Amino acid sequence: MASEPVWVRNYLDAADTNSTLAAIAQLGAIVERRDHELVIRGCGMRNAIAPPDTIDVGNAGTLMRLLPGWLSFQQGASFELTGDDSIRRRPVDRIAEPLGRMGARIEARDGRFPPFTVHGAPLTGIEYELPVASAQVKSCVLLAGLVTDATTVSEPVPSRDHTERMLAAAGAPVVREQDTSGGFRTTVGNTDELELGDVAVPGDPSSAAFLIAAGVLVGDSRLVLERVGVNWTRAGFLRILERMGAIVLADLEEPGTFGPGEPVADIDVRNAPIEATTVEAEEVPLAIDELPLVALIGCFAEGDTIVQGAAELRVKESDRIATVVEGLRGLGAEIEALPDGFVVTGTGGLRGGRLDAHGDHRLALLGAVAGLASEEGVEVVGMEAADVSYPTFARDVAELVR
C-alpha cells in the first residue's frame, strides 16, 4: 500500500508469508527477495490491480481477514479470495458485516465462508464495536477506514496492536484511547498515502513460545532466545508462565529498535517446578495462539489449570479446543473440554504416544514439544503442517538437544 519502496529485514520464509507475498504480487506490488531481506515496491493505496485469477491465501487466516480491508476501497474492482481446506471452513462474516456497513459488498459461500468476493466501493466511516476482541477483524476495519473521514473500532478487551503501530509509523492519523471498562477505542482517518520506510521484524513470540515451553518442561534446560518481540499485547503467555512459577526472564532492549515501534528482548528460560493457574477471558486475546501450550504445561503442573473465555479457539485452523483435548488425552493427559476452553488436571507429566496435527501448524508444534517432555516420546502425524509458521523448528530443536 506504500508509495515508496519498503525494505523488510528478518522476514519469515514460511508458507503463510509466501502466500502473502504471492497475493500482493497478484495485486500489482513488485517483490524482490535478497537473502533474508525483501524489497517491496507497492502499488499505492488506491491502485491495486484486480487479477484475472482467484487470490489463494493458502492457510493464512490473517491474510484472509486483513486483505479485504484494503481491497474494499478499490472502487469498481472485484477480488475473489479462497484458501486451503481449513480456510474454507473459517467464517468471514465478522469482516463482511462492518465492511458492508461502510459501503463495500462481500459475497461469500453460504453467506459466511470462503471462497468470497470483495467488491470495492466508496466507503464511509463508522463506529464499530467488536463483539469479540479480534486483532484481525480490528485491523481489517482500520485499513478500510484509511479512506474515510474517521472510523473507530472499539474492543471489549485489548488485542494485538501491531497494525496501529505500523499505520502510525507510515503516517496515518491513529488515535488510541483506553475506555473506563479497560477496552480500547482506536480511530483512523483519511490518508492520502503511506510511507513506511524500513521494517525489521522481531522474532515471533508465538513461534518462540514453543521453545520457551520446551525449556520450562524439559529437565535441566537452559536456553536464551534472542531478539524476540515482547509487545505487551503479545506477551500474555509470558505473564501466564510467570504466574505458574516458570523461570522466564526478559532482558528488554530499547523499544523501537525493531518495528516500527516494536520492543524486543532476549528471553532466558530455565526448567522449574510449575503450579496450575486460571486464564480468564480478558487474557485470551493476548495469548490466543499460545493457549494450547498452557494446556500442555498444565499437564506437568500441580493442581487444575483452567482456560475459559476462549471460544475463539474453535474457529482456528482446527477446532483447537477439541483437537488439543483429543491430542493431549491420547498422550495420557487428564483434560476435559469446556464450551469456551478446557480444564487440565496436572499429573506431573505425560506418557507419550501419537498425536494427529489435523493440518494445524500450532497442533503439530504442540505435539513435538510434548514429545520432548514426555516419558515415551510422541509421534506427530502431519508434522509438515508446522511449515506454515515455523519451517525450521525441527532443525532448531535438534541444535538444542544434541
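Key figures for this structure:
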{"read-out": "Hits in the range 381-402 (condition: part of a loop (DSSP other than H, G, I, E, B), under 13 Å from Leu363 (Cβ atoms) and either without any contact (Cβ under 8 Å) to a residue 24 or more places away in the chain or of a type in the set (Ser, Thr, Tyr) (or both))", "value": "Ser389, Tyr390"}
{"read-out": "Residue tally, condition assigned to a loop (DSSP other than H, G, I, E, B) and without any contact (Cβ under 8 Å) to a residue 24 or more places away in the chain, over the range 159-173", "value": "1"}
{"read-out": "Elements of type strands (runs of 3 or more DSSP E) contained in the range 226-340, each with 1 or more residues being out of contact with any strand residue (DSSP E or B) (no Cβ under 6 Å at 6 or more places or on another chain) and outside the structural domain of Asp84 (by TED's automatic domain parsing)", "value": "334-338"}
{"read-out": "Count - residues of the range 299-331 that are touching a residue at least 40 places away in the same chain (Cβ under 8 Å) and more than 22 Å from the chain's Cα centre (by Cα)", "value": "9"}
{"read-out": "Residue within the range 27-45 that is modelled with pLDDT of 95 or more and under 19 Å from the mean Cα position of the chain (by Cα) present", "value": "no"}
{"read-out": "Residue match in the range 358-374 (condition: in a strand (DSSP E or B) and surrounded by 23 or more Cβ atoms within 10 Å (Cβ to Cβ))", "value": "no"}
{"read-out": "Residue match in the range 376-392 (condition: more than 21 Å from the chain's Cα centre (by Cα) and buried (at least 20 other Cβ atoms within 10 Å of the Cβ))", "value": "yes"}
{"read-out": "Every residue from the range 57-80 that is in contact with an Asp or Glu (Cβ under 8 Å, 6 or more places away or on another chain) and either at negative phi or surrounded by fewer than 14 Cβ atoms within 10 Å (Cβ to Cβ) (or both)", "value": "Asn59, Ala60, Gly61, Thr62, Leu63"}
{"read-out": "Some residue of the range 315-336 being surrounded by fewer than 17 Cβ atoms within 10 Å (Cβ to Cβ), at pLDDT below 95 and either in contact with a helix residue (DSSP H, G or I) (Cβ under 6 Å, 6 or more places away or on another chain) or closer than 20 Å to Ser389 by Cβ (or both)", "value": "yes"}
{"read-out": "Any pair with Cβ under 9 angstrom, 6 or more apart, that starts in the range 16-38 at a residue that is within 16 Å of Asp53 (Cα to Cα) and of a type in the set (A, V, I, L, M) and ends at one that is modelled with pLDDT of 95 or more and exposed (fewer than 15 other Cβ atoms within 10 Å of the Cβ)", "value": "Leu27/Ile49; Ala29/Arg41"}
{"read-out": "Residue list for the range 2-16, restricted to those being in a loop (DSSP other than H, G, I, E, B), closer than 23 Å to Ser389 by Cβ and among the acidic types (Asp, Glu)", "value": "Asp13"}
{"read-out": "Qualifying position, being surrounded by fewer than 22 Cβ atoms within 10 Å (Cβ to Cβ) and of a type in the set (D, E, K, R), among Glu290, Glu282", "value": "Glu282"}
{"read-out": "Subset of the range 256-279 [out of contact with any Leu (no Cβ under 9 Å at 6 or more places or on another chain), surrounded by fewer than 17 Cβ atoms within 10 Å (Cβ to Cβ) and under 23 Å from Leu365 (Cβ atoms)]", "value": "Ala272"}
{"read-out": "Members of the range 118-172 found to be touching a Leu at 6+ places or on another chain (Cβ under 9 Å) and among the basic types (Lys, Arg), listed by number", "value": "Lys138, Arg160"}
{"read-out": "Test: Leu355 is in contact (Cβ under 8 Å) with a residue 24 or more places away in the chain, surrounded by 24 or more Cβ atoms within 10 Å (Cβ to Cβ), farther than 21 Å from Leu238 by Cβ and not assigned by TED's automatic domain parsing to the domain that holds Thr62", "value": "yes"}
{"read-out": "Cβ-Cβ under 8 Å pairs, at least 6 apart or on other chains, the range 52-77 side in the same structural domain as Val92 (by TED's automatic domain parsing) and under 21 Å from Asp289 (Cβ atoms), far side crowded, with 23+ Cβ neighbours inside 10 Å and among the acidic types (Asp, Glu)", "value": "Asn59/Glu317; Gly61/Glu317"}
{"read-out": "Count of residues meeting criterion [small (Gly, Ala, Ser), within 17 Å of Ala370 (Cβ to Cβ) and part of a helix (DSSP H, G or I)] in the range 207-225", "value": "5"}
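The values are calculated or read from the model by the stated rules, or taken from the named source; none is laboratory data. Just so we're clear, the structure is a prediction, and the values are computed from it rather than from any experiment. So basically every Cβ, Gly included, is an ideal-geometry build from the backbone, and we count neighbours across all protein chains shown.
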